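In what follows, a structure is listed as structure tokens, so that the remarks can point back to it.
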Amino acid sequence: MKVLITNASLERRARGGTQGFIQDLARSLQKRGHSVMAYTSDPTQSRRLLHEDKIPVATDLENLEFVPDVIHGQHHLDAMSAITALPNVPAIYHSHGSIWKECLPLHPQIYQYVTVSRFQAERHLVESNLSAKNITVIPNGIEIARFPTVRDLPDRPKTALVYNRAAHKEHALTQTIETACRELGIKTDIIGLSSGNTIDNPEEVLPTYDVVFASGLSAMDAIACGCAVSILGRESCGSLVTDENFDRFREANFTIPANATPTTVADITRELSRYSADATRKATARMRCEGDFETVVDQLVDIYEKAITMHRENPPDPRLGILAVGDYLQTIVPLVKVVDDYLTWEARVPLSTQKELIDLQEQLILIEEKLKKHQ
Amino acid sequence: MKVLITNTRLDRRGGSEVVVQLLARHLQARGHTVMAYTGHPNEVRRLLDLDSVPVVNDIKNLTFAPDIIHGQHHLDTMSAIAALPESPALFHSHGGVWKDALPFHPRIYKYLAISRFMAERHQIECNLSPSQIEVLLNGIDVSKFHTVRELPPHPKKALLYNRIFHLEHPLTKTIRNACARHNINLDVIGLAAGNKIDKPEEVLPSYDIVFASGLSAMDAIASGCAVISIGRTSCGAMVTPDNFDHYREANFLTPANSNPATTEKISGELARFSPESSQTVTRRLREEADFNSVVDRLVDIYESIITQHQSTNPDYEKESVALSAYLRMITPLIKVTDRSLNWDTRLPTDTFDSLCELRSRIARVKTKLDDVL
């Protein structure tokens, strides 16, 4: 089978996120004998994540010699560009979250939608008026074989890691976690994009920590490595993952709601006091048994095959495809116009302005101080 | 004939909005049905309200499909073309900015440019054959400008009439200095000056000289004023019978990248003021640039496109591929925006105001400091 995977970006970044997902997916599909290519329209397409995986990246969709059998669409801008460029190819759309670029596009060539959690699926059902049969929940998986080392946890935790792209020294939640850990005599490190130290080898780094604060795929990596994991939200921490709450967290893709109440030091120390090497071991065992990425690929291949068959037996009316693009354009055009207005002379603020603003603010403070001294 | 006109906005009086308003009014007067469409989110005060032209809100479910789409601005044009798969289209580009760039789609049968220079640019940049693009020079509603000024032997009142020049703009200052040399008083009217007008026919005839470009320059010439063409940073020549054809072909514009104007140069142009020469220019414009002749040509083009479309079988596959190319053209812009709206690179929206305020505070504090020292 020939699969074209679209994504908002193919830049090389920290492991995780949709880039990490397509890297794993491409590798697994190739291993099964399928042909894979990727597409993105990202304008900063310089260092491609997929380079290292020998996956071709399509740059001229209209003139592809090698027409895919199915489009695995991720991120609506790239998915719709590919779907319209290849009007005879069926597609599935895989949404990994709830931010704008993950919204579901509607097009007759899209036969099935896939989400990573039940809550996301319910949201899409309601907001996009989909029928339940058109949406499948496939919880994320990780390449278990990549994590051969499983940590043997001590009775009391001594080291913790905040492992998240938003975490850094000045970040309020990171500081709360550090304070709570310090009170319990636990040493804390921070790894992630914002703290300026992303890693490519989580399989080597994660097993050196007793407790890891993370979410999504990062949390799954840490659980697979045998660490006790506390799920991170935007401003809050959830519970430690145990065998008891494992199903609930897996169903939620190991995330907690973005609008959860901000966590206090007391909340975190209470949660850390529940640390149990035994409960964590059971969670790790379940993750290594149920969270393998290969089961995700099994389900996806099944969905690809169904989409291909449905398309072959009953191809959609191409006129409806054009109308769907009309609807789609109407949703994105207002956004483009706001930007275009902003970039025109009436409201243009050059990017250097921000720096100038800061310089001027500093200058003002100095002059005002000087003035005060002389008055 | 049922005509759908698209435009980036319908809520203010800019060049292309005036064309929509005029075109709609003239087509209605000839018995055609007209509707307008914009995908602008600020569709609050519709310019067309006053003209009883329906503005399409739910384009996909229109109960009667237009015979032709008169597309202006690619975002709105492509939205309408995709939403109305039975209607053929033309694309009318009014300038060289991004939103006027030409979109491509099998149902766009003709492109229109407002000057020879723009047509040549589009031909070269978009690999168009000469038969695909036509120059349709702008027209104005001459009957609206019923008052024609009788010019005095020596000019006393001048007007800078343009949306982008405010009182502190360098060009405004240069023009004011040049006018002062000739004892001419200068007023400034326009969006940036904070005093835009809706009835130019009542205001323009009270000035001897008007600095303007495009449709505004044409309005002023029709009102009997002597006109000096302006660009973004520069002033061109006084419009005279000798250079009239050149300026008409260039839509009364001075190239955006011209050298900045000097007081001497503008003063030299002001010295060329001649009531007789301006009278001839006004007469020629009123004869040659009436909007009725623009509408005559447009209706011919509409009819030929409709006929051509009737004998063309729809190719939805080709259309889908064209829409994909279009999506790929606009997607990078959306992505850059989406990123800049995210936490990592967000800029405050009020940066500009803060900057201006800071600059003036620094100036005030520096003055105080100088006083104290």
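Under the condition of being among the aliphatic types (A, V, I, L, M) and more than 16 Å from B:Leu136 (Cα to Cα), the residues counted in the stretch B:253-299 number 6.
Look at the stretch A:243-253 and say how many of its residues are without any contact (Cβ under 8 Å) to a residue 60 or more places away in the chain and among the hydrophobic types (A, V, I, L, M, F, W, C).
Going residue by residue through the stretch A:243-253, those that are without any contact (Cβ under 8 Å) to a residue 60 or more places away in the chain are A:243-249.
Next, only the ones that are among the hydrophobic types (A, V, I, L, M, F, W, C) stay: A:246, A:249.
Residues flagged as without any contact (Cβ under 8 Å) to a residue 60 or more places away in the chain and among the hydrophobic types (A, V, I, L, M, F, W, C) within the stretch A:243-253 amount to 2.
Of the residues B:Leu323, B:Leu347, which single one is more than 26 Å from the chain's Cα centre (by Cα), modelled with pLDDT of 70 or more and within 14 Å of another protein chain (Cβ to nearest Cβ)? Break it down stepwise before answering.
Numbers: B:Leu347 fails: modelled with pLDDT of 70 or more.
On inspection, the qualifying residue turns out to be B:Leu323.
For the stretch A:323-352, the tally of residues that are at pLDDT below 75, crowded, with 16+ Cβ neighbours inside 10 Å, part of a helix (DSSP H, G or I) and at the interface with chain B (Cβ under 7 Å from one of its Cβ atoms) stands at 2.
Every residue in the stretch B:88-101 that is more than 10 Å from chain A (Cβ to nearest Cβ) and surrounded by fewer than 20 Cβ atoms within 10 Å (Cβ to Cβ), please. Correct list: B:Gly95, B:Gly96, B:Ala101.
Within the stretch A:43-78, restricting attention to residues that are out of contact with any strand residue (DSSP E or B) (no Cβ under 7 Å at 6 or more places or on another chain) and among the acidic types (Asp, Glu), the residue that is modelled with the lowest pLDDT is A:Glu52.
Within the stretch A:97-110, is there a residue that is in contact (Cβ under 8 Å) with a residue 60 or more places away in the chain and among the aromatic types (Phe, Trp, Tyr)? Explain how you work it out, then say what you get.
Initial filter on the stretch A:97-110 (in contact (Cβ under 8 Å) with a residue 60 or more places away in the chain): A:101, A:105-109.
Right, trim to among the aromatic types (Phe, Trp, Tyr) and you get none.
No, because not a single residue in the stretch A:97-110 is in contact (Cβ under 8 Å) with a residue 60 or more places away in the chain and among the aromatic types (Phe, Trp, Tyr).
For residues that are surrounded by fewer than 24 Cβ atoms within 10 Å (Cβ to Cβ) and touching a strand residue (DSSP E or B) at 6+ places or on another chain (Cβ under 8 Å), scanning just the stretch B:251-263, find the one that is farthest from B:Leu151 (Cα to Cα).
Initial filter on the stretch B:251-263 (surrounded by fewer than 24 Cβ atoms within 10 Å (Cβ to Cβ)): B:253-263.
Narrowing further to those that are touching a strand residue (DSSP E or B) at 6+ places or on another chain (Cβ under 8 Å): B:253-254, B:258, B:261.
On the way: B:Leu253: 23, B:Thr254: 24, B:Ser258: 29, B:Ala261: 25 Å.
The qualifying residue farthest from B:Leu151 (Cα to Cα) is B:Ser258.
Yes/no matrix, rows are residues, columns are (1) surrounded by fewer than 21 Cβ atoms within 10 Å (Cβ to Cβ); (2) of a type outside the set (A, V, I, L, M, F, W, C):
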{"site": "B:Cys225", "(1), (2)": "no, no"}
{"site": "B:Ser229", "(1), (2)": "no, yes"}
{"site": "B:Met238", "(1), (2)": "no, no"}
{"site": "B:Lys265", "(1), (2)": "yes, yes"}
{"site": "B:Asp296", "(1), (2)": "yes, yes"}
{"site": "B:Gln310", "(1), (2)": "yes, yes"}
{"site": "B:Lys318", "(1), (2)": "yes, yes"}
{"site": "B:Ser324", "(1), (2)": "no, yes"}
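Figure legend. Inter-residue proximity from the stretch B:22-38: first residues surrounded by fewer than 23 Cβ atoms within 10 Å (Cβ to Cβ), second residues of a type in the set (Lys, Arg), beta-carbon distance below 7 Å, spacing 6+ or different chains. Indicated pairs: B:Thr33/B:Lys2. Within the stretch A:174-194, the set of residues being surrounded by fewer than 18 Cβ atoms within 10 Å (Cβ to Cβ) and assigned to a helix (DSSP H, G or I) comprises A:Gln175, A:Thr179, A:Arg182, A:Glu183. If you take the residues of the stretch A:80-102 that are away from every other protein chain (no Cβ under 11 Å) and of a type in the set (Gly, Ala, Ser), which of them is farthest from the chain's Cα centre (by Cα)? If we take residues in the stretch A:80-102 being away from every other protein chain (no Cβ under 11 Å) and of a type in the set (Gly, Ala, Ser), then A:Ala91 is farthest from the chain's Cα centre (by Cα). From the list B:Ser79, B:Ser131, the one residue that fits, being part of a helix (DSSP H, G or I), free of Cβ contacts under 8 Å to residues at least 60 places away in the same chain and either surrounded by fewer than 19 Cβ atoms within 10 Å (Cβ to Cβ) or within 11 Å of another protein chain (Cβ to nearest Cβ) (or both), is B:Ser131.
The values are calculated or read from the model by the stated rules, or taken from the named source; none is laboratory data. Small disclaimer: the values here were computed from a predicted structure and weren't measured. Heads up, the Cβs are rebuilt from the backbone with ideal geometry, glycines too, and the neighbour counts pull from every protein chain shown.
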